[in-house]
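What follows is a short report on a single structure.
The values are calculated or read from the model by the stated rules, or taken from the named source; none is laboratory data. For clarity, every value in this text was computed on a predicted model and none was experimentally measured. Methodologically, a virtual Cβ is constructed for each residue, glycine included, from the backbone with ideal geometry; neighbour enumeration extends over all protein chains shown. Quick note on the areas: whole protein, heavy atoms, side chains included, nothing else; ligands and nucleic acids left out. Shrake-Rupley method; radii C 1.70, N 1.55, O 1.52, S 1.80 Å.
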Amino acid sequence: MVSTTAKTTTYFNFIDGSWVQSVSGNVFENRNPANQDDLIGVFQRSTRADVERAIDAAARAYEGWRLVPAPRRAELLFRAAQLIAERKELLARDMTREMGKILDETRGDVQEAIDMTYFMAGEGRRQYGQTVPSELRDKFAMSVRQPLGVCAVITPWNFPMAIPSWKIIPALVCGNTVVFKPATLTPLSALSFVKILEEAGVPPGVVNLVTGGGADVGDVLTASDRVRVVSFTGSTDVGRTVSEKSAPSFKKVHLEMGGKNVIMVMDDADLELAVEGCLWGGFGTTGQRCTAASRVVVHESVYKPFLDRFVQRARALRVGDGLDPRTQMGPSVSAGQLETVQKYVEIGRREGATLACGGHPLIGGDYAKGFFHEPTIFADVQPSMRIAQEEIFGPVVSVVPCKSFEEAIEIGNGVSYGLSASIYTRDINRAFAAMRDMYTGIFYVNAPTIGAEVHLPFGGTKATGNGHREAGTAALDVFSEWKSVYVDFSGRLQRAQIDTAEL
Ligand code: NAD
C-alpha cells in the first residue's frame, strides 16, 4: 500500500488486488490546506496504461463477482462497515488534515460511509423485483435486477469518504466491479476506504483505485467501451464533459453536480432557529457543500432583525485549523478555491451588493500557512446578481430581500441549479406549498439545506443532475438494470396480445 522514507510516505494504486506504482513513474503531493508545511503523502500520477490495467482487472473480476450470491457479497460489506466504524476517529483526523473541514464534520463524513455501507449491505437480501400475473394461462412473469459490468466512480474532494461509499457500495452489492478515481485533493481518504474493502475480503479486481488527474484518468474511463456505468459527482462543467465523452459508447451516466441552494425565511419564522440554520447551512464545511445554503431569501418584514443577528453570529465564528476542537470553520480546500472566493467577493462588490461582514482572506499568524477566509455575508443582493446565481463553493452567503411567499419561491427557483431548498415558517400551508413548488431534489422545512440521510434518494434537478439519484434504494437503479422474464409452462405457443379469447 505504501513505501515510507524518513520524510515521505508514498501511496500506490490498487489494481487487481495489488498495491502498485503507476507505470508513469510520476507522483503528486497532497498537503494540508490549513498548513501547507504538512505533507500528507505522495500519490501516483496515473496514466492511460494504469487505467487500462484497472479496467482489464475489473472486467475479468466481473465474471466471477456477478455470480456470487448477493447475500454473500453483502456479508463482505457488513464487515467493511464494521471496520470503518472501528477506525472512525483515525479516518476523520486524516480527512481533516487532507481537506480541512472540522473534526465534527469529518466524523460525520465517515459516519455517512458507515451508514451507507450498512444500509446497502442490507440490499444484499432485498433488491426486490416484481412478480405479476401473466395475461396468458400457465405463464409466469417477473422482473429481476441484473448488474451492468465495470463501473467508473469519479468523486470530488468535499465528502472524501461519504461520496465514494454512495457509489462503490451499491455498485458492489448489485454485482458490478469498480474502477475508482478520487479527487486529487483527497486521495488518502479514498485509499483508506479501498484498503478496508480489501481487508473485508472483497476479491482481487472487484475494486480498483487509480489516483491522478481528471483528464489523465477520467478521460480514459469515460471513453472506454468496457466501462458500462460512469457515476460522477463534481462540478457542472466537468459533468458535461463526462456526459459528452461517455455518449458515443452509450454507457449509463449518473451525474451529481453543482448547486445554488436557498433558505427562505418567512415573516412568521422562528428567527433564532433560522439564524442557526443559515450559519450551519452557509458556513458549514466552509461553504464547500453541494447543498450549502449560499442564498438566503428573507421576508422584508423580518429582514433587518434577521440580518443583524445573522451578521453578528457569522462574525463570531472561530476560523482555524479543523483539528483544533475550538475551530468552527476550517480553510478553503486549496489556493485555487480561495482565489475563487476572493474573485466572487470582488464581483459582489462591483455588482453593488452590501458587504455586511467578512470579505477578506485571513493571513499571517496562525493563518499564514493555510487558505483561510472570513465568513462573508452580502446583504441587499438582487436575485439576478452573479453572486446569487453562480456556485461559489466558499464561505460567502447572499441575503436577498423579498416581499411575499410567492416572490420567495420565484427567487428560489430562479437559478440554473436544483439541488436543495428550505423554508423557515410556522404556517403549515406555506410549508406544504413550498415543498410542492420548489423544483429541487431535496427540500427541508425548518431546517437548513444540508443534512441528508442515506436511506432517502439524494440528487438534484436542472443543472445539478441528469435524472438519476444516489442513496436510498434509488441508487440500485443506477447500478443495475431490469430484466423481464417470462416462463411459459403451457407446452404450446401462446401469443401475447393475440390469443386473448380464451377465458
Ligand atoms: P470537479 O468537477 O473539479 O472534479 C470532480 C472529479 O472529476 C474529480 O475527481 C476530478 O479529478 C474529476 N475530473 C476532472 N476532469 C475530468 C474529466 N475530464 N473526466 C473525468 N473526470 C474528471 O469538482 P470538485 O472541485 O472536485 O468538487 C466540487 C464540485 O462538486 C462542486 O461543483 C459541487 O457542487 C460538486 N458536488 C456535487 C455534489 C452533488 O451531490 N450534487 C456533491 C458534492 C460536490
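Say the cut-off is 31 Å between C-alpha atoms; which of Lys181/Lys343; Lys88/Lys245; Lys101/Lys260 go over it? Lys88/Lys245, as the Cα separations exceed 31 Å there. Positive-end ranking of Ser294, Val265, Pro361 along the dipole of segment 262-445, with charges on Cβ about the Cα centre, is headed by Pro361.
Can you pick out the pairs among Lys251/Lys483; Lys7/Lys195; Lys304/Lys403; Lys403/Lys462; Lys252/Lys483 whose Cα atoms lie more than 20 Å from each other?
Lys7/Lys195; Lys403/Lys462
Once the Cα atoms are used to define both axes, helix 271-283 deviates from the longest principal axis of the chain by about 70 degrees. Normalised by the number of residues in the chain, the average gap of Cα pairs under 8 Å and 6 or more apart makes the relative contact order 18 percent. For segment 136-280, the residue among Cys278, Phe140, Asn208 whose Cα projects farthest onto the positive side of the dipole built from Cβ charges is Phe140. The residues packed around Thr473, meaning those with a beta-carbon under 10 Å from its beta-carbon, carry a net charge of 0 if Lys and Arg are +1 and Asp and Glu are -1.
Close amide H pairs (under 5 Å, H built 1.01 Å from N) link Val227 with no residue at least 5 positions away or on another chain. With protein chains left intact and a 1.4 Å probe, residues in the chain average 40 Å² of accessible area per residue.
Relative contact order of segment 262-445, taken over Cα pairs closer than 8 Å and 6 or more residues apart, is 28 percent. Percent of C-alpha pairs per 5 Å bin in segment 153-250, short distances first: 2, 13, 26, 26, 20, 9, 3, 0.
Averaging 1/r over each pair of different alpha-carbon atoms in segment 262-445 and inverting the result gives 16.4 Å, the Kirkwood hydrodynamic radius.
Once the Cα atoms are used to define both axes, helix 70-86 deviates from the longest principal axis of the chain by about 30 degrees.
Against the main long axis of the alpha-carbon atoms of the chain, helix 236-246 sits at an angle near 20°. Taking one quarter of the surface of the convex hull spanned by the alpha-carbon atoms of the chain gives a direction-averaged projected area of 26.9 nm².
For segment 1-142, the spread of Cα coordinates along the three principal axes comes to 74, 39, 22 Å, biggest extent given first. Here the gap between Lys369 and Lys343, fully extended at 0.36 nm per residue and compared with their Cα-Cα distance, gives a gain of 7.3 nm.
To put it simply, the accessible area of segment 305-384 at a 1.4 Å probe is 49 percent carbon and sulfur.
Here the gap between Trp482 and Lys7, fully extended at 0.36 nm per residue and compared with their Cα-Cα distance, gives a gain of 165.8 nm. Summary value for segment 171-210: 59 percent relative contact order, contacts being C-alpha pairs under 8 angstrom separated by 6+ residues. Scoring 439-450, 136-147, 12-23 by mean Cβ neighbours within 10 Å over their residues and listing the highest first yields 439-450, 12-23, 136-147.
Residues whose amide H comes within less than 5 Å of that of His373, counting only those at least five positions distant or on another chain, are Ser332, Leu362 (H built at 1.01 Å from N in the peptide plane).
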